[in-house]
Structures are given as structure tokens and as C-alpha cells.
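Note sheet for the following structure.
The values are calculated or read from the model by the stated rules, or taken from the named source; none is laboratory data. Note that the structure is a prediction, hence the values are computed from the model and not measured. Here Cβ is always computed from backbone atoms with ideal geometry, including for glycine, and neighbour counts include all displayed protein chains. These area figures cover heavy atoms from the full protein model, side chains too; ligands, DNA and RNA do not enter into them. Shrake-Rupley method; radii C 1.70, N 1.55, O 1.52, S 1.80 Å.
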Amino acid sequence: MTTLTFDQYYQKVLGGWNGKCIGGTVGMRGEAYKGQMEYDFARLKPDEVIPNDDLDVSIMWLHTMERRGIHVSSPDLVDAWMEHCYFSMCEFGFFKQSVRRGLHPPLTGLYNNGYFNESGGAPMRPELWAFICPGNPDLAAAYAGQDGCIDHTGDAVLIQQFYAALLATAFVEPSLDRAVARAMHILPAESRPARTARFAIELHGQHADYRVARRLMLRRFGHTDPTKAVINLGLVMIGLLYGGGDFATSQIITNNCGYDTDTTCGTVGAILGVLSGDQAIPQEWKAIISGEFSMRFPLPRSHTMADLTRETCRAGVTVAEVLKRQVEIVGVPDDLGRLPTTLPARPATIEVSYPDKIALGVGESTTIDLTVRYHQSTPFAGSLGIAAPDHLTVTPSSIAVRFEGPGERRFALRVSMAEGLTEIDDVNLLTATLAGTGAADVVRTFGIVGAIPFAVFGPFWDPYDRAQPTKPTLENNYVPRSEMLFNSFADMGHAYLDEERLAQGLALDDPALETDDPIDPPGLLYARENFISLDRLFGYEGSAIFYVVWDFVSPEEVDAQLMVAGRDPHRVWVNGEPRVTSDRFQDWAPNNRRRPLVRLRQGRNRFVAKLYRLENATEFSFHFRYPNQPSYGVNRDNILTNLTSIVPTGLEVLD
């Protein structure tokens with residue numbers, strides 16, 4: 001077993017937190033710029049120190065451990081986030097939306113989060129888990145896995161676990177090479193993160209200039225998302241390797257590589273701070289933060305680096321004493337104190353999984369698996385009962401359950417949305433209750449998401465190019481120009497139906513919608529996420545125009561931010577008002593910066609989008625958020641989950 005003195009441990013934790021805060025601070029200057037930069041220290045030094053979300057979440061996790069103990073789990077972290085943290089940008093917003101819909105980790109990191117679920121929101125916060133597990137990479141990675149899965153999946157969680165393991169090994173290994181080699185077992189050998197780390201090492205052995213290594217790394221693992229976890233791992237490795245262990249050089253190189261620089265510089269700073277101790281960080285860099293940190297949301301605690309370090313060491317000493325595996329910390333001050341260590345009283349637990357659909361439309365069904373785990377040695381005889389809203393049917397709704405001792409049983413439920421509904425709530429909560437002898441009732445709430453019913457008009461297309469001055473007719477023999485032979489045409493500027501009346505709320509079957517071409521009846525498309533794809537939705541394979549219409553009820557009159565993004569040209573109306581116009585093709589991301597403020601009426605509202613589909617696919621996302629106003633407190637900027645969809649009747653379901 002390795003031994004660390006408390007003073008050694010303290011200096012390395014202090015170095016890690018200082019390195020994290022310094023790197024996060026200087027890295028915000030060029031955050032999310034994806035090009036090569038050429039900063040030096042003088043230009044990196046900020047005029048003022050502002051809070052950084054990378055640090056905020058780690059402090060919140062320490063705050064949670066101090067109250068709940070060292071055996072924190074994913075549900076504990078979810079509860080803490082929903083209580084304290086207002087962050088709702090990118091993956092955080094979709095995670096919080098899923099929580100309000102009754103979903104639980106790891107599903108909250110995966111569902112409705114396809115663009116961001118392998119981004120940098122998890123790798124930005126591995127430090128606490130490493131700092132409380134010095135020399136214990138597997139335990140640090142286990143903690144990080146409980147954390148990362150609440151709002152991420154796949155590579156993002158793996159990379160957070162790798163960083164946690166690397167930081168943990170840096171407490172006891174003499175060099176970066178040794179620490180990296182020891183932490184690499186966390187990554188499956190052929191995973192993208194493992195291949196990225198190995199490629200960085202290979203590049204460092206072949207090229208003297210980090211700029212060359214950066215360019216080659218981007219060619220192999222680059223992404224349009226500046227926070228994508230894999231490419232930022234590659235840039236962290238480049239910063240560490242080409243920095244040669246020097247804090248200042250590593251910070252400048254890492255920052256100049258671009259992408260998610262507050263996270264990459266923070267990670268590099270933390271690793272070097274732990275590896276060499278706080279004394280190795282140059283004083284001119286320490287002066288940037290002056291021994292203090294700030295936060296974007298309030299927690300009742302000191303904001304000095306010295307107090308944060310001592311509080312972290314208190315947690316780490318507790319973990320080492322209770323979960324001791326590899327490292328002993330000696331010389332601990334008598335007045336340090338300890339964190340709670342009692343295991344949560346959980347005589348039984350209920351876990352929920354969704355092997356089938358998570359979102360349901362009218363008349364649809366899905367399977368939900370409930371796994372009951374019984375942890376006591378005394379026998380149990382009772383029942384598992386499931387309560388659901390009136391519009392949901394659960395079969396079976398009551399199940400006899402018996403255990404002679406510890407064990408688990410899995411039960412498959414069939415959950416059905418009633419036929420003939422005219423409205424679908426976004427949030428539909430069910431409750432499973434395990435009741436009987438030998439244990440207090442165990443209650444688990446879970447959810448079914450209400451699929452969004454869109455009426456879809458289209459496809460509309462033209463056999464000729466409307467931009468040409470002459471329309472093919474009988475008189476000119478309908479002979480196409482040569483460029484028309486293998487192309488089809490659709491025109492965003494042409495109204496294929498009466499767009500103004502449709503946007504204002506005209507009935508979907510009103511003949512007044514028709515313009516110069518007949519209109520086929522719309523179909524019904526259920527959007528099961530905040531996302532629509534028209535990939536081969538119809539047999540017609542050419543470019544085309546579609547109109548999608550969503551009628552919904554808001555329980556209140558409210559100003560909301562309309563969040564829409566599309567790969568292809570699109571136009572959006574809300575309650576008759578044109579709100580978004582995009583006439584170009586671009587990379588799609590659900591948080592592209594078009595956020596007009598719209599007024600939702602109390603009662604019925606209408607959302608209309610005109611979508612251009614190039615050939616066979618398009619990507620379009622949408623949702624409403626509360627505006628980012630301080631009056632909303634920890635709820636500000638959250639995605640609305642209190643909207644009720646109105647189901648159009650008499651339409652053929654398209655999917």
C-alpha cells in the first residue's frame with residue numbers, strides 16, 4: 001500500500017484546484033474557437049476573473065457529499081443539480097427536461113440528447129472524484145461514471161472516467177508518462193478515446209511542432225461541435241505532451257489549440273498541479289485568481305482555495321479510511337473532521353428500463369421493465385403496484401412479489417396510451433410501489449413522454465426551376481433544359497399553400513389553404529424527441545418542401561425563447577407571426593443561435609415550420625425555453641415541459 005502524508009496530499013490537491021481554476025479562467029478568452037490561436041501569457045491574462053461552469057459543478061458535488069456522505073449515487077447528483085444549479089445549456093437542458101419527464105440515469109444522458117450526449121459537459125468535471133481518491137484510479141473512475149451518466153453517455157463518460165483515473169494516478173506516479181500508462185486501462189483498447197490518446201502519443205514522437213500534431217489530430221478526430229469530448233481529449237494530450245511538464249508552456253499550447261479551451265486548459269492545469277504540486281505553478285499564473293474562486297449560483301461555503309482544498313482533503317481522508325484499497329494518508333490533523341459514511345437505508349430498490357418506445361402517441365403501447373432488488377436477509381412477501389394517469393393503461397397493474405432473502409426479479413409491463421385522445425401531455429408520470437412484510441414501502445416514480453403530433457403537408461415539388469423565366473408549356477413542348485434532366489426542384493420562396501392563413505390557425509382541412517396546386521390531406525407524424533427527420537418519409541426521393549404544424553395548449557401566457565435549428569433552409573411561424581428564416585444549408589446543432597422571444601398565449605397556440613428537404617433527408621429541431629431571466633432562479637432557461645399537444649383527428653399516421 002502506498003503512503004501519502006497529509007501535507008503531501010494537501011499540496012497536490014491545492015495544486016490541482018489552482019491549476020483547474022487558472023486554466024479554466026484563461027481558457028475562457030478563446031472558448032469554442034476552433035482555429036489555431038497565437039496567445040501568449042500577456043494576452044491570455046484576463047482583465048477580471050469570472051465564474052466557470054466547469055468548476056461550479058465540481059463544487060456542487062463536494063457540497064452534496066458533505067450532506068449525503070461518501071456513498072453518493074447518480075440519483076443523489078440529479079437531486080442536487082435540480083435543487084441548486086440553473087445550468088440548462090446544451091446537454092444540461094435536455095437532461096433536466098428528461099428528469100422533469102420522470103426519466104432516470106443513465107437514460108437522462110441518452111434520450112433526446114443525440115447531438116450533445118458525447119460532448120464535454122461530463123469531461124469538464126472529473127477533478128473532485130480524483131482528488132478524493134488519490135492513487136486509486138478505479139475508484140475515481142467509478143465515481144466519475146456515476147456522475148457522467150446523468151447527462152452524457154458513451155465517449156463522454158469514458159473520457160471523464162479516464163481523466164479521473166489519470167488525475168488519481170498523478171498523486172503517486174513520478175511522471176506524466178507513468179500516470180497516463182497506468183490510467184489507460186480505463187479505456188477499452190479499441191474505443192475512440194483510447195485510439196485518440198494513443199494517436200497523440202504517436203504524433204508527439206513523430207513531429208516536433210505541436211501545430212502539426214494538432215492539424216493531424218483534427219483531420220482524424222475533429223468535429224464541428226467545439227465541446228466534442230474526443231477531439232478535446234486529443235488536444236489535452238497534445239498540451240500535456242508538448243508542454244513537457246511546464247505549467248506555463250502547457251497552458252499556452254493547450255489554449256492555442258482551440259475548441260473547448262476552458263475545459264482543456266482546466267484539465268491540463270489540474271493534472272500538472274497534482275503531478276508536481278502547488279509549488280510548481282508559477283506565481284504570475286497564481287496571481288490570476290489570487291487564491292479565490294467564484295460561482296454562478298450560490299452555495300453556503302467559503303470561496304477561498306485554501307478552504308476548498310481542506311474540505312476536499314476531508315472528503316478524501318474519509319474515503320481512504322472507509323473504502324481503503326491502495327493509499328493510506330498519514331499525519332491527518334486531529335481537527336479535520338469526516339464526512340458521513342453511513343450507507344443509505346435501502347432495503348429494496350426499483351429500477352426502470354425502456355427496451356421499447358419512451359414516447360407514445362394516441363393508441364400506442366410500449367414495454368417497460370421494472371427490476372426489484374431486495375437487499376435484506378429476512379423474507380419478504382408483498383406486491384408491486386403501479387399507479388398511472390387515467391389515459392394510460394398498465395398491464396399488469398399489480399404483481400405478487402416474494403423473496404426468501406436477497407435477490408432480484410424483473411417484471412415486464414405493457415403501458416398503453418388510450419385510443420381517441422384529443423390531447424397529449426408532455427409529462428406522464430407513473431408510480432411503482434413495493435409494499436409488504438419485511439420492509440417499508442419503496443416508491444419509484446417514472447415517466448412516459450408524450451409524443452408530439454405534427455400534421456405534415458407535403459411533399460411539394462416542381463418539375464421545373466421556378467427561377468427560370470419560362471415555364472414549360474404545351475407551346476414550348478415541355479422540353480427540359482439539360483440541367484433539369486437529373487434534378488428536381490423545390491422553392492422556399494413559393495407558397496405551396498396559404499402560409500399566412502395556416503400560421504394564423506386555419507383548420508387543417510379548410511379548402512382555403514389551397515393555392516395554385518391541389519393539396520393532399522396532411523399526414524400525422526409523431527415526434528418522439530425535440531427533433532424531426534424527414535429521411536425517406538415518403539416514397540418521393542427528390543428535393544421537396546414540407547409544412548409541419550403543431551397545435552398545443554399552454555397553461556399560462558408566457559414569454560418563451562423559441563429554439564429551432566435546421567440543416568436545410570426553413571421558416572417558422574408562431575401564432576401567425578414569422579419568427580425564424582434561414583435560407584442556407586449549414587451544419588445542424590440543436591442550440592444554433594436563433595432564439596427569438598415569442599409570446600405563448602394561455603390556451604391554444606400554433607407552431608408552423610416550412611422545411612426544405614434536400615433529396616432524402618433533413619434535420620430539424622425545436623423546443624421552447626423560459627427566457628434566461630434571473631427572476632426564474634434555478635429554473636431559468638429551462639425547456640418547457642408543461643405544454644399539452646392537441647392531436648389532429650382523421651389523419652393517417654406516417655411512421
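Kindly indicate which of A140, A168, A183, A194 is free of Cβ contacts under 8 Å to residues at least 12 places away in the same chain and touching a Pro at 6+ places or on another chain (Cβ under 9 Å).
One residue alone meets the criteria, A194.
Taking S294 and the conditions (1) closer than 30 Å to A381 by Cα; (2) modelled with pLDDT under 90, which numbered condition does it fall short on, given that it satisfies the others?
(1) is the only condition that S294 fails.
From the set of residues in the stretch 281-308 that are of a type in the set (V, I, T) and open to solvent by less than 30 Å² (accessible area, probe 1.4 Å), which is farthest from the chain's Cα centre (by Cα)?
I281
Considering the stretch 220-261 alone, what residues qualify as being of a type in the set (F, W, Y) and assigned to a helix (DSSP H, G or I)?
Hits for the stretch 220-261 are F221, Y242, F247.
Pairs needed: first member in the stretch 261-280, open to solvent by less than 10 Å² (accessible area, probe 1.4 Å); second member anywhere, of a type in the set (D, E) and modelled with pLDDT of 95 or more; C-beta distance under 6 Å; at least 6 residues apart or different chains.
Between residues of the stretch 261-280 that are open to solvent by less than 10 Å² (accessible area, probe 1.4 Å) and residues that are of a type in the set (D, E) and modelled with pLDDT of 95 or more, the close pairs are A270/E127.
Checking the structure you have, find out if any residue of the stretch 400-417 is open to solvent by 20 Å² or more (accessible area, probe 1.4 Å) and in contact (Cβ under 8 Å) with a residue 60 or more places away in the chain.
no
Whether any residue in the stretch 606-615 is among the aliphatic types (A, V, I, L, M) and in a loop (DSSP other than H, G, I, E, B) is what I want to check.
The answer is no; no qualifying residue exists.
Of these, L110, L128, which one is surrounded by 23 or more Cβ atoms within 10 Å (Cβ to Cβ) and out of contact with any Cys (no Cβ under 6 Å at 6 or more places or on another chain)?
L128
When the stretch 581-618 is examined, which residues are found to be open to solvent by 40 Å² or more (accessible area, probe 1.4 Å), aromatic (F, W, Y) and either modelled with pLDDT of 95 or more or out of contact with any Gly (no Cβ under 8 Å at 6 or more places or on another chain) (or both)?
Residue satisfying the conditions is F585 alone.
Kindly state which strands (runs of 3 or more DSSP E) lie completely within the stretch 461-566 and contain at least 2 residues that are β-branched (V, I, T) and out of contact with any helix residue (DSSP H, G or I) (no Cβ under 9 Å at 6 or more places or on another chain).
The strands (runs of 3 or more DSSP E) meeting that bar are 544-554, 558-566.
For residues that are surrounded by 14 or more Cβ atoms within 10 Å (Cβ to Cβ) and more than 29 Å from the chain's Cα centre (by Cα), tally how many sit in the stretch 161-178.
5
Please name all residue pairs, on different chains or six or more residues apart, with Cβ atoms under 6 Å, provided the first residue is in the stretch 290-307 and is in contact (Cβ under 8 Å) with a residue 12 or more places away in the chain and the second residue is surrounded by 13 or more Cβ atoms within 10 Å (Cβ to Cβ) and charged (D, E, K, R).
Here the result reads M295/D56; R296/D56; T304/E292, each pair linking the stretch 290-307 to a residue that is surrounded by 13 or more Cβ atoms within 10 Å (Cβ to Cβ) and charged (D, E, K, R).
Of the conditions (1) open to solvent by 20 Å² or more (accessible area, probe 1.4 Å); (2) among the polar types (S, T, N, Q); (3) within 21 Å of L275 (Cα to Cα); (4) touching a strand residue (DSSP E or B) at 6+ places or on another chain (Cβ under 9 Å), T227 clears all except one; give me its number.
The failed condition is (3).
From the set of residues in the stretch 310-360 that are of a type in the set (D, E, K, R) and part of a strand (DSSP E or B), which is least open to solvent (accessible area, probe 1.4 Å)?
Among those that are of a type in the set (D, E, K, R) and part of a strand (DSSP E or B), it is E328.
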